[in-house]
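This report concerns only the one structure given below.
The values are calculated or read from the model by the stated rules, or taken from the named source; none is laboratory data. It should be emphasised that the depicted structure is a prediction, and the values quoted were computed from it without experimental measurement. Cβ: placed from backbone, ideal geometry, glycine included. Neighbour counts: every protein chain shown. For the accessible areas, the whole protein counts, side chains as well, though only heavy atoms, and no ligand, DNA or RNA atoms are used. Shrake-Rupley method; radii C 1.70, N 1.55, O 1.52, S 1.80 Å.
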Amino acid sequence: MNPQENAELLAALMRQEELLKQLVAAINKPKLGLHSEAGNCKIYCNRQHGGLWYTLNGEPSDVPQTALTGYLKELRFENTERRKKETCKLLITMQADRTYILESGYDTHFSKCILAAIATLTPEQLYSPITLQPHPGTTDENVLFCRIWVESELIKASYGEETDWREISKQAIAVTKAAAEMVF
């Protein structure tokens with residue numbers, strides 16, 4: 001390359017960098033005006049109220065969308081009280097157009113599907129958005145599974161009674177943390 005071509009290439013790269021900075025700033029800008037998307041949105045993942053998942057704003061409200069796509073930011077277990085009983089929940093934090101926190105019983109098929117699938121992934125795969133798609137059981141109307149997609153690939157991870165959920169959970173949480181700490 002001659003000096004003229006080097007200068008033109010450098011100028012083009014600098015323009016691209018500036019456009020990228022503008023794009024990132026636009027994406028990170030909060031919505032202005034009236035809207036209903038302040039704060040986190042908590043979604044309960046079970047079929048208790050007729051749908052596949054729902055929110056609570058006083059009364060249960062079905063979530064009509066059939067999938068959530070975003071960046072998996074955190075998996076964690078939390079002890080909480082529901083119906084005057086101590087119970088353990090899996091909380092799945094997803095960053096999309098806003099922060100979504102999905103809650104599911106720690107030992108439900110929904111949670112097991114997510115944990116088993118995420119445990120098979122690499123941090124690099126979780127650096128991209130994933131899609132969570134609740135899927136009803138066919139033989140029991142109370143059962144809810146979850147399909148996990150990375151780009152257009154369905155992540156299949158089987159499990160059974162012999163599955164070591166403590167190890168699967170540790171692996172899924174470790175992969176999620178590693179992805180959240182990645183810098184490109």
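Of (1) over 22 Å from Lys42 (Cβ atoms); (2) at pLDDT 95 or above; (3) out of contact with any helix residue (DSSP H, G or I) (no Cβ under 8 Å at 6 or more places or on another chain), Ile168 satisfies all except one. Which?
If we test Ile168 against (1) over 22 Å from Lys42 (Cβ atoms); (2) at pLDDT 95 or above; (3) out of contact with any helix residue (DSSP H, G or I) (no Cβ under 8 Å at 6 or more places or on another chain), just (3) comes out false.
Would you be able to tell me the number of residues in the range 100-130 that are within 24 Å of Gly50 (Cα to Cα) and either surrounded by fewer than 15 Cβ atoms within 10 Å (Cβ to Cβ) or aliphatic (A, V, I, L, M) (or both)?
4
For Asn28, are the conditions met, namely being at pLDDT below 85, over 26 Å from Gln125 (Cα atoms) and open to solvent by 100 Å² or more (accessible area, probe 1.4 Å)?
no
All but one of (1) part of a loop (DSSP other than H, G, I, E, B); (2) at pLDDT 90 or above hold for Thr69; which doesn't?
Of (1) part of a loop (DSSP other than H, G, I, E, B); (2) at pLDDT 90 or above, only one is false for Thr69: (1).
Name every residue in the range 64-90 that is in contact with an Asp or Glu (Cβ under 7 Å, 6 or more places away or on another chain) and either open to solvent by 80 Å² or more (accessible area, probe 1.4 Å) or on the phi > 0 side of the Ramachandran plot (or both), in order of residue number.
Asn79 - this is the single residue of the range 64-90 that is in contact with an Asp or Glu (Cβ under 7 Å, 6 or more places away or on another chain) and either open to solvent by 80 Å² or more (accessible area, probe 1.4 Å) or on the phi > 0 side of the Ramachandran plot (or both).
Kindly provide the set of residues from the range 131-140 that are surrounded by fewer than 22 Cβ atoms within 10 Å (Cβ to Cβ) and within 21 Å of Lys177 (Cα to Cα), ordered by number.
Thr131
Specify the residue that is farthest from Thr138 (Cα to Cα); the eligible residues are those in the range 34-46 that are part of a loop (DSSP other than H, G, I, E, B) and modelled with pLDDT of 85 or more.
Cys45
Taking the range 131-181 as the region of interest, how many residues are over 20 Å from the mean Cα position of the chain (by Cα) and touching a residue at least 12 places away in the same chain (Cβ under 8 Å)?
6
Within the group Leu121, Leu102, which residue is part of a loop (DSSP other than H, G, I, E, B), under 13 Å from Leu75 (Cβ atoms) and not acidic (Asp, Glu)?
The unique qualifying residue is Leu121.
State all residues of the range 124-140 that are under 17 Å from Thr66 (Cα atoms), of a type outside the set (S, T, N, Q) and part of a loop (DSSP other than H, G, I, E, B); if no residue qualifies, say none.
Of everything in the range 124-140, those that are under 17 Å from Thr66 (Cα atoms), of a type outside the set (S, T, N, Q) and part of a loop (DSSP other than H, G, I, E, B) turn out to be Pro129, Gly137.
Just for the range 154-167: of the residues that are under 16 Å from Leu126 (Cα atoms) and not in a loop (DSSP other than H, G, I, E, B), which one is most open to solvent (accessible area, probe 1.4 Å)?
Leu154
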